[in-house]
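Structure, as structure tokens:
Every number in this text was worked out from the coordinates using simple rules, so none of it is lab data. Owing to the predicted nature of the structure, the values given are computational and were not obtained by experimental measurement. All Cβ positions, even for glycine, are placed from backbone atoms using ideal geometry, and neighbour counts span all protein chains on display.
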Protein chains: 2
Amino acid sequence: MISKVQIKLITSLQQKKYRNKEGLFIAEGPKVIAELLTQGLELHSHYHINLQADDSGIQEISEVLLQKISCLKTPNTSLATFKIPTPKPLINTGLTLVVDAVRDPGNLGTIIRLCDWFGVSQLVCSMDTVDCYNPKVVQATMGSIARVAIHYLDIHQYIHQAKVPVYTAIMDGENVYNATLASDAILIMGNEANGVSQKIKALSTHQIAIPQFGDLHATESLNVASATAILLSEFVRTTEM
Amino acid sequence: MISKVQIKLITSLQQKKYRNKEGLFIAEGPKVIAELLTQGLELHSHYHINLQADDSGIQEISEVLLQKISCLKTPNTSLATFKIPTPKPLINTGLTLVVDAVRDPGNLGTIIRLCDWFGVSQLVCSMDTVDCYNPKVVQATMGSIARVAIHYLDIHQYIHQAKVPVYTAIMDGENVYNATLASDAILIMGNEANGVSQKIKALSTHQIAIPQFGDLHATESLNVASATAILLSEFVRTTEM
């Protein structure tokens, strides 16, 4: 039986300030929850509708109540809260992805999933990037959030001190397919509407772009998650293969 | 002044059956609307809050009413209805992207935007793919929907009759970075949860995959829009450059 205090705690975790205060975040659905457990994240509470006999340690919850506390439009069958893990120490080797003010939870979630796929073990987010423990981000990562070390930093300071090549993705950069990419490097992706900020761009050593092959009169850019997919593919293809 | 009949018409267009009946679809926001107008789509109605003097042909709408008829959580400043264009004839050259039962509007919208970017002028969707004139798809394309010829077909029949190499994206296919890709080809991407269906896979001449570089115990796949971004990048990079 879930208490009123528990309900209040869970719904409060939809807000960043309460996630930080409690040190907890929400994950929904058996697949995402199982993935986080496999990765060794510390479970705080676990609720499931229609409990089976072997569901020890899980509390039953009614569908109506799950609907009430869920962050999803179409609630899954389970919801859990996990402790926010302590960030791992920063590393200086390999490819680090930096995001500058990515605001859309779906985009950040997809980017985390891409880091996981391509073995990019470190993601650095500017302080004004959407919180990675936002429930929508957690869901979009499909559990891969537990396999990528995510840091929220003053990225200006971080990049300023970097001792590796710094690549910025901008519209009029060098054609990435012709560029020489380094295996120890930083790649910076910018905000959905404004791209990488001027002061961050000024710190980069290389500026790269994905060439457009369609109607060149079209002014649109690629979605930041699509652009990240292609650039990570290029980094990994040319440096790891 | 917007009439009750107009309001009823617009809200009905959130449903596919009324879009097909009326031959109309909704676009929201000045940027998307301007892009569709530039591409020559036929405007049916156009509403804007706080009309300016030069907004001829546009009807004023109150913010409250726009909120009511909008399909967006955070309504923009304008909404328009356009006539659904007549599909262009199918072509047999270049790269054609086929999607097999893609269900998420955001994914299809991103895929259409990717086709536009990479100059893939033809997208073929299975009959059970989400409707491309769904308002959420239209918004996610950022207007690029008008530059890609989109066909809804029996894809089994379409692929069966194809005279070009047919590539299917599957988890255990050949490493795409080592594969030889053709410039006249069909690329098939599958459903979010189930991938490409067996009977479609059986018709393919090549099966390709994006290799995973991360923790190989992780069972997750890439999001279909991310995978499409990477595979279109590979087709275009290796055949057009």
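Per-structure values
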item: Kirkwood-based Rg to Rh ratio, region A:4-83, C-alpha trace; result: 0.94
item: Within chain A, longest stretch free of exposed GluC sites (Glu not before Pro) [DSSP loop, at most 16 other beta carbons within 10 Å]; result: A:43-191
item: FRET efficiency, B:Thr205 to A:Lys31 (Cβ-Cβ, R0 41 Å, nearest 0.05); result: 0.80
item: Cα radius of gyration and Dmax for chain B (Å); result: 19.7, 62
item: Karplus 3J(HN,Hα) series, Hz, for region A:234-240 with 6.51 cos²θ - 1.76 cosθ + 1.60 (x for Gly, Pro); result: 5, 4, 6, 4, 8, 10, 9
item: Cross-link reach list, aspartates and glutamates versus A:Lys68, counting only Cα pairs under 15 Å and skipping chain neighbours closer than eight places; result: A:Glu28, A:Glu60
item: Distance (nanometres) between label positions extended 7 Å along Cα→Cβ at A:Asn92 and B:Glu174; result: 4.3
item: Residues A:Lys163 and A:Leu72, FRET efficiency given R0 of 25 Å [Cβ-Cβ distance, rounded to 0.05]; result: 0.05
item: Isotropic mean projected area of the C-alpha convex hull, region B:54-150 (nm²); result: 7.7
item: Residue exposure sequence - B:His160, A:His44 - by fewest surrounding Cβ within 10 Å; result: B:His160, A:His44
item: Under-5 Å amide H pairs with B:Leu24, H placed in peptide plane, nonlocal only; result: B:Ile84
item: Label-point separation, A:Gln39 to B:Glu22 (7 Å along Cα→Cβ), nm; result: 4.4
item: Cα pair count fraction exceeding 29 Å, expressed as % - the protein assembly as shown; result: 54
item: Packing-based ranking, highest mean first, of A:12-21, B:203-212 given that Cβ atoms within 10 Å are counted; result: B:203-212, A:12-21
item: Cβ-derived FRET efficiency at R0 30 Å, A:Gln52 paired with A:Lys4, nearest 0.05; result: 0.70
item: In range of the label at B:Tyr152: residues from region B:68-104 whose backbone nitrogen is under 20 Å from the point 7 Å along Cα→Cβ; result: B:71, B:81-91, B:97-104
